[in-house]
Amino acid sequence: MIRFTTAGESHGEGIIVILEGIPAGLTVNSEDIDLELVRRQKGYGRGQRMDIEADCVKIFSGLRYAKTIGSPITMYISNRDFKNWLYVMSTGSVDLDGTTLLKPRPGHADLAGLMKYGVSDFRDILERASARETATRVAAGAVCKMLLKEIGMSIMSYTIQIGNVLANMSSIKENDVRCKTEASCVRCPDASASREMVKLIKKAEREGDTLGGKVAIVVSNVPVGLGSHTQWDLKLDGRLAQSLISIQAVKAVEFGAGTKLASLFGSFSHDEIFYNKVKGFYRSTNMAGGIEGGISNGEPIVITCTMKAIPSLSKPLHSVNLVTKQSARAEAIRSDVCAVPAAGVVSEAAVAIELAKVLKEKFGGDSLEDMKNNISTYKERLKTLQ
């Protein structure tokens, strides 16, 4: 079983992820993980925090001579900003003079978390609810991407909407999407839409506001048979949806044609099946987004995530002072204006982790060689259908 757990606060000394179940023999370079962390920090609209942090990973366990050894992989990312929060985030006993946050932000975990845990200062909540935690998921996802690459799978994401600006994907050649995305400061392959998105972000920043949007995630060369129809919690789309919806500010997840299917007749909603000796069984469309009945069907997995505008506004919304119960403006917490470009990178990681899990469940293997041999045997069996 592949699983991971994270720990650490946004302004604490650092954040940690422990990743278990990765087969032995996988080459893992910390430099490749750092590149993924850099991708997460980029994007027009990111806040001042990104000017302070320069994330890089330190691997404490699970590797020897740059190869996995089957034991848990422990990765640590330091928070450079911690030096400015030594008193506020002290793990020792201190006086709380001047550190209490009492005006919760609408749309954040502040008030609900404070009520749940019975604390008097919602910094106890926001520090862990912060999207800073996603850096650890990106680190874990980077390792899982390395595993998927060994099997021939690849993952990419791109921005399709920020605010009311939509990308025109019909004008982009499929083979150009990845390079055009990485060349854009908002990770949008449509250059014209990218420029309009930047203008909109600048407008939101001037007005003390924030912006959300949509990102697409595409996984290529996915083997048939990942996930299962046999139980509700084994369905691949259900597992991917849970992983993605847990990303801070993500409010909706769609597969394939998604909500567009509500307006279509069944004759236009499903992917007709074809066969030839070269391809075997295939579809000419991908309305299902590569998953049918909770099982991957061999087509690319296509997912769209909707991210709401970040709830930390420099011109805060109406709130209530927790002590006086009087009307007040919410706390103005330093934040991004738009984190949609980063959401795509985090989504890639979330998808990579979940696919690595189902890959291990399907094919097993304590070593990478064993897993590859099992996959090869499985593919040979599938050829008997052709």
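The values are calculated or read from the model by the stated rules, or taken from the named source; none is laboratory data. Keep in mind that this is a model prediction, so the values were computed, not measured. With ideal geometry, Cβ positions are generated from the backbone for all residues, glycine too; neighbour counts draw on all protein chains shown.
Observations
- Here V320 passes the criteria (1) out of contact with any His (no Cβ under 8 Å at 6 or more places or on another chain); (2) of a type outside the set (F, W, Y); (3) over 19 Å from D110 (Cβ atoms) except the one numbered (3).
- Residue match in segment 59-66 (condition: closer than 30 Å to K180 by Cβ and surrounded by fewer than 16 Cβ atoms within 10 Å (Cβ to Cβ)): no
- Per this entry, E196 is not counted among residues that are more than 18 Å from G290 (Cβ to Cβ), touching a residue at least 60 places away in the same chain (Cβ under 8 Å) and charged (D, E, K, R).
- Segments classed as strands (runs of 3 or more DSSP E), wholly inside segment 241-341, with at least 3 members that are surrounded by 13 or more Cβ atoms within 10 Å (Cβ to Cβ): 250-255, 280-283, 301-307
- Within segment 342-366, the set of residues being surrounded by 15 or more Cβ atoms within 10 Å (Cβ to Cβ) and over 28 Å from A216 (Cα atoms) comprises G365 only.
- Of the helices (runs of 4 or more DSSP H) lying entirely inside segment 22-141, those containing at least 3 residues that are at pLDDT 90 or above span 30-41, 110-117, 123-129.
- Residue check for D209: closer than 30 Å to R334 by Cβ, over 20 Å from the mean Cα position of the chain (by Cα) and surrounded by 14 or more Cβ atoms within 10 Å (Cβ to Cβ): yes
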